[in-house]
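> Dropping a structure here in structure tokens format, bear with me for questions.
Values in this text are rule-based calculations from the coordinates and carry no lab data. Predicted, not measured: the structure shown is a model, and the values here were computed from it. Using ideal geometry, Cβ is built from the backbone for each residue, glycine included, and neighbour counts are taken over all protein chains shown.
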Ligand code: F1P
């Protein structure tokens, strides 16, 4: 059984409920608004009808990223001995956002010349392959696929988690607890960048200038971005993980159409989606010719000279802005809990 849904609540909207909503003239929102929070408290129709304006956990957690990255920079040297050494053959694993951060980490590590690094969604680990170390990422420490993988493998492992004593820590060889980066929102923002920040720091990136640059991303005008009707996020190398993470944020927080591709592969069909009123968003530098082709479609083209992880913060803000505009509380995505636990 999948516990993404609160038992018996929020999963199915009965005809009676629909009729009731129609009578109250709020049917416009029924497709996009979760009628129960992931914790099972029913949300009232009056909550459902209004555009969402309150400050959310996600707003605060996004805003805390410069401070959290500075903390990560401070603790990173003391954690270096727990993370893969130069030349080790590594598998990076996780689910959802934690999988996409594994993806980014693998690109960072390999391009820094620190050793081969494969990536797996927790459910897809190849137990026949030989690795020196597994790096597992799980904010909750309870995600079934990640817990089971660590329990099953005999490969030395290190887990990065937000919760001390969580099930992943019982099975991993070593645990790194980044509890100061844990979150209230179901949607991961600062957790994802804190973990990637730690792994980037371990591979030679100075996080402190990025924390300063992050202040700019937090203050930046979002312009027309929350008004477009679709996003395609692009990346190259390690930023492909960021593109996937930005698309996941947009989908889960705002129930909004978002896709992600390796930038050069975008030309192989998906670019047909680009048009006026939609946005193509590049993390990091992409091919100049491709940029011209995107602009020629009439799509809004978003790129930045900021560090791509800083640019992700802007994408997080856009996802939250979109959610609120659509009357959604981004802290509680439809059909998603803080942790996905399979029985
Ligand atoms: C990862 C995850 C997220 C998702 C939501 C629920 O869990 O599935 O990708 O956005 O936050 O959790 P974890 O293993 O990092 O706790």
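> Say each of residue 303 and residue 154 gets a label point 7 Å from the Cα, pointing the same way as Cα to Cβ; how far apart are those two points in nm?
5.0 nm
> Rounded to the nearest 0.05, what FRET efficiency do residue 275 and residue 325 give with R0 = 30 Å and r taken as the Cβ-Cβ distance? Could you check?
So, using R0 = 30 Å, E works out to roughly 0.90.
> Indicate the gyration tensor shape class of region 86-149 (rounded, prolate or oblate), computed on the Cα atoms with a ≥ b ≥ c the square roots of the eigenvalues: a/c under 1.5 is rounded; otherwise a/b larger than b/c is prolate and the rest oblate.
It comes out oblate by the Cα gyration axes.
> Right, another one. Run lengths n ≥ 4 of DSSP H only: what is the helix-derived mean residue ellipticity at 222 nm for the chain, with -39500 (n - 2.57) per run over all residues, to the nearest 500?
Values: 12 runs with 134 residues, N = 343.
Calculated at 222 nm, the ellipticity per residue is -12000 deg cm²/dmol.
> Separation of region 147-182 and region 204-247 by C-alpha centroid, Å?
Region 147-182 and region 204-247 have Cα centres spaced 28 Å from each other.
> Beyond 19 Å, what share of the Cα-Cα pairs of region 235-343 remains, rounded to the nearest whole percent? Mind dumping the intermediate values first?
Values: 2779 of 5886 pairs.
Counting pairs separated by more than 19 Å, the tail of P(r) holds 47 percent.
> For region 193-254, compute Rg over Rh where Rg is the Cα radius of gyration and Rh is the Kirkwood radius from the inverse mean 1/r over Cα pairs.
Computed over Cα atoms, the ratio is 1.01.
> How large is Rg/Rh for region 161-311, to two decimals, with Cα atoms and a Kirkwood Rh?
My calculation of the ratio gives 1.01.
> Tell me, in nm to one decimal, what length is gained between residue 224 and residue 267 on full extension, where the rule is 0.36 nm per residue of separation less the Cα-Cα distance?
In short, 13.1 nm is gained.
> At a Förster distance of 25 Å, what's the computed FRET efficiency of residue 78 paired with residue 112, Cβ-Cβ distance as r, to 0.05?
In this case the efficiency is close to 0.80.
> Based on the alpha-carbon gyration tensor of region 107-242, what equivalent-ellipsoid semi-axes (square roots of 5 times the eigenvalues) come out, in whole Å, largest first?
29, 18, 16
> Pull out the extension gain between residue 291 and residue 51, defined as 0.36 nm times the separation in residues minus the alpha carbon to alpha carbon distance; nm, one decimal.
82.9 nm
> By the gyration tensor of its Cα atoms, with a ≥ b ≥ c the square roots of the eigenvalues, what is the shape of the chain: rounded for a/c under 1.5, prolate for a/b over b/c, or oblate?
Working: a/c = 1.75, a/b = 1.24, b/c = 1.41.
Because a/c hits 1.5 or more and a/b fails to exceed b/c, the chain counts as oblate.
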